[in-house]
Amino acid sequence: MALGRKRRVRPRFFLFATVVAGLAVWALWPRPHPPAAPSPKAIAAHPTLSVLQTTSRGRTISVLPEPISGFSQGTQGAVLEIAGGTSRQGPSALSAAITSQGLVQGPSGRFLPGGVIVFDQGQWIFAGGMNHNQAVNASVSLSSGQAAPPILPEPLAYAGVAVLPATGATFLVGGMTPQGASDTIWLLQDGSFRSWAHLPKPVAGAASAAGGQLLVVAGGTVNSGQANPSIWIFQARTHRLLDTLTLPFGIEGASLLYWHGVFWLLGGQSGTRVLNTIWQIRGHSLYRASSTLPEPLSHFGAAVMGHSVWIVGGEGVHGPTGRVQELTLADARRSLPK
């Protein structure tokens, strides 16, 4: 009987041993790894260093009356209006209109740091700024140099400014208020401001530009004092946030332009490092250009003049500059006018 019991147990034992051995072989047998999950939308997903080509002529076409950086600027058509800023000696009293024909100096005055320049009711107005570390709502006519009625919807400084070419509507983006950084986007149209949309988070000093029915906001400084790495893309018709792109580092003091159907983000500062980088924002993607600005530069003026971009003043590695430089941007995927 004992032998009979052994015969009945033996097949079960061998079956158990076979299963264990099979599991061990399965565990040790090399298998292909499953495909990696797609990476989130980030600049690493768009390695385009060899795709986007830019060239810069690197020539100085004019010189400002003094080296200045951090000035306020406004654009209307092919006119770049500037005022204030910081020179090597301290606050600048300069105001000027710059076109492809040259520079016309305007009235001198006390232009508060962080003020904005808007074109309203047929004239350039310098509005807002910081006075004794407090945002204010004061206005100065850049035609006469005289005080003008306040036009801002609230005391405001360091707001981004963007003008939609199709309609001339002006956006004021974020900025500093007496309560801190703001997330409000204001729209100036027909002589009055109204709340238009809100940023995902409060930011001051962001680079802003509008075109092709889009409003793009890049960089700036958040309430913590850190530079913002985000780029926000809004649809002008619906006021809706369409997408958020992310730079590999926070950036402030950059300039943003809409030119030939795409947005170009130029220069700026990351921490203490002044940048010479050029980025292109096309659709819902971010590309880094293969070439750079003629020199590292932040807090400068920039405007499209004919078939090139003019870079005005700014903060370089060795302090403020007074150069007006011409930059030609060429995309390898399309033929731009020469």
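For segment 197-229, a tally of residues being of a type in the set (Gly, Ala, Ser) and assigned to a loop (DSSP other than H, G, I, E, B) returns 7.
Got at least one residue in segment 137-149 being more than 21 Å from Phe71 (Cβ to Cβ) and either aliphatic (A, V, I, L, M) or part of a loop (DSSP other than H, G, I, E, B) (or both)? Within segment 137-149, one or more residues are more than 21 Å from Phe71 (Cβ to Cβ) and either aliphatic (A, V, I, L, M) or part of a loop (DSSP other than H, G, I, E, B) (or both).
Of the residues making up segment 154-195, those that are more than 19 Å from the chain's Cα centre (by Cα) and either surrounded by 22 or more Cβ atoms within 10 Å (Cβ to Cβ) or part of a strand (DSSP E or B) (or both) number 9. Inspect all residues belonging to segment 280-292 and state whether any of them is in a strand (DSSP E or B), modelled with pLDDT of 90 or more and aromatic (Phe, Trp, Tyr). Yes - at least one qualifying residue is present in segment 280-292.
Can you report the number of residues in segment 242-275 which are β-branched (Val, Ile, Thr), in a loop (DSSP other than H, G, I, E, B) and crowded, with 20+ Cβ neighbours inside 10 Å? Before you say what the answer is, go through the steps one by one.
Kept after step one, since they are β-branched (Val, Ile, Thr), are these residues of segment 242-275: 244, 246, 251, 262, 272, 274.
With in a loop (DSSP other than H, G, I, E, B) added as a condition, the list becomes 272.
With the extra rule that they be crowded, with 20+ Cβ neighbours inside 10 Å, the set shrinks to none.
So the answer is 0.
The set of residues from segment 227-282 being under 15 Å from Lys201 (Cα atoms) and among the charged types (D, E, K, R) comprises Arg240, Asp243. Are any residues in segment 275-315 more than 28 Å from Phe234 (Cβ to Cβ) and either among the aromatic types (Phe, Trp, Tyr) or touching a Phe, Trp or Tyr at 6+ places or on another chain (Cβ under 9 Å) (or both), and if so, which ones? Once the filter is applied, which keeps residues that are more than 28 Å from Phe234 (Cβ to Cβ) and either among the aromatic types (Phe, Trp, Tyr) or touching a Phe, Trp or Tyr at 6+ places or on another chain (Cβ under 9 Å) (or both), segment 275-315 yields Gly313, Glu315. Residue pairs whose Cβ atoms lie under 6 Å apart, sitting 6 or more positions apart in sequence or on different chains, and linking a residue in segment 214-226 that is in contact (Cβ under 8 Å) with a residue 24 or more places away in the chain to a partner that is in a loop (DSSP other than H, G, I, E, B) and surrounded by fewer than 24 Cβ atoms within 10 Å (Cβ to Cβ), are Leu215/Ala236; Asn223/Pro202.
Among the strands (runs of 3 or more DSSP E) contained in segment 74-131, which hold 2 or more residues that are surrounded by 18 or more Cβ atoms within 10 Å (Cβ to Cβ)? If you could, list the steps in order and put the result at the bottom.
Numbers: elements: 79-83, 95-99, 102-105, 116-120, 123-127.
Per the criteria, 79-83, 95-99, 116-120, 123-127.
Only one of the listed residues (Trp232, Trp310) is part of a strand (DSSP E or B), surrounded by 20 or more Cβ atoms within 10 Å (Cβ to Cβ), aromatic (Phe, Trp, Tyr) and within 13 Å of the chain's Cα centre (by Cα). That residue is Trp232.
The values are calculated or read from the model by the stated rules, or taken from the named source; none is laboratory data. Keep in mind the model is a prediction, meaning the values are calculated, not measured. We place every Cβ from the backbone using ideal geometry, glycine too, and count neighbours over all the protein chains shown.
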